[in-house]
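Heads up: the structure comes next, in structure tokens.
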Amino acid sequence: MTINNNIQSAIWIHRSRDTQCDMDLVKSILPPQYAFYFKLFLPLIFENEESGQSRKVTYEELATVGGKPFEDFFCQHSISSLIASFIASSAEEDYQTLAHLSAILGVETPVIFHGVGEENVPTAFADPWLVEGTLAQIPEVVGALNGNTKIELVHFPNYIFPLDKSWCLGNLIPKSGLFLLACNAPIAQALREQKEIEVLEVSVEARYFEFPKA
């Protein structure tokens, strides 16, 4: 894996997305030229300390419990009182989600992984970076990004897209537990038909994230 600090091939994203609007709008993260947009949620695991049993819990289930509509802006902060320390996903579940997504998008697809640079990551990822490869390498890239962490995955590429730009996966809010995917009709239909990843279809104008109240 070669990490490159020349990010010219990813500049089209930053020139296309709306950087003047609020950060909780889909169009602030992804370019607006795609036909379909989805929120993809990382899994939540409910661990019962008394029984030692655990099971997956969907955001939609928690929305029902919390009496919140499961639409557009719904995220972990919408139900902060229900998301406590006993609800979390491990690296294993996150990697499984990425594997399911890779199968839908095509594991052998040539892609570009791009990050805008952040803190608490290995030095190579502290500044804007880019890695060229195939989608099959996503575990390797994510693993390298999380070289300073242990049990959980807290860092992901901010963008992944194929060379033909037929889809674009984005995430600019750290530890949000979700991604945004812009895509074409075949991928949109595949997402609607699958059950492994919890998804919510949104518009490019949607307010997809609810920041915690001050």
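Derivation of every value follows stated rules applied to the coordinates shown; laboratory data play no part. Since this is a predicted model, take the numbers as computed values, not measurements. Virtual Cβ from ideal backbone geometry, glycine too; neighbours counted across all protein chains shown.
Counting other Cβ atoms within 10 Å as a rough exposure proxy, the listed residues S28, S16 run S16, S28 from fewest neighbours to most.
When a/c is below 1.5 the answer is rounded, else prolate if a/b is larger than b/c, else oblate, so apply that to segment 127-214 with a ≥ b ≥ c taken from the square roots of the Cα gyration tensor eigenvalues. Oblate, because a/c is 1.5 or more while a/b does not exceed b/c. Dipole check for the chain: with +1 at the C-beta of Lys and Arg, -1 at the C-beta of Asp and Glu, and the Cα centre as origin, the magnitude is about 380 Debye. Applied to segment 171-183, the Karplus parametrisation 6.51 cos²θ - 1.76 cosθ + 1.60 on θ = phi - 60° returns per-residue 3J(HN,Hα) values of 6, 10, 10, x, 6, 7, x, 8, 10, 10, 10, 9, 7 Hz, with x for Gly and Pro.
Please state the relative contact order of segment 82-197 as a whole percent: Cα pairs under 8 Å, 6+ residues apart?
Rounded, it is 24 percent for segment 82-197.
What residues from segment 140-180 fall in the zone where the backbone N is under 20 Å from a label point 7 Å along the Cα-to-C-beta line of T19? Those under the cut-off are 157-161, 168-174, 180. In percent, rounded to a whole number, the relative contact order of the chain is 34, using alpha-carbon pairs under 8 Å and six or more apart.
Sorted on the mean count of surrounding Cβ atoms within 10 Å across their residues, most packed first, peptides 65-71, 37-43, 20-26, 99-105 read 37-43, 99-105, 20-26, 65-71.
Using θ = phi - 60° in the Karplus curve 6.51 cos²θ - 1.76 cosθ + 1.60, the 3J(HN,Hα) couplings for segment 18-35 round to 8, 8, 9, 8, 4, 6, 9, 9, 4, 5, 7, 9, 10, x, x, 8, 8, 7 Hz; x is entered for Gly and Pro.
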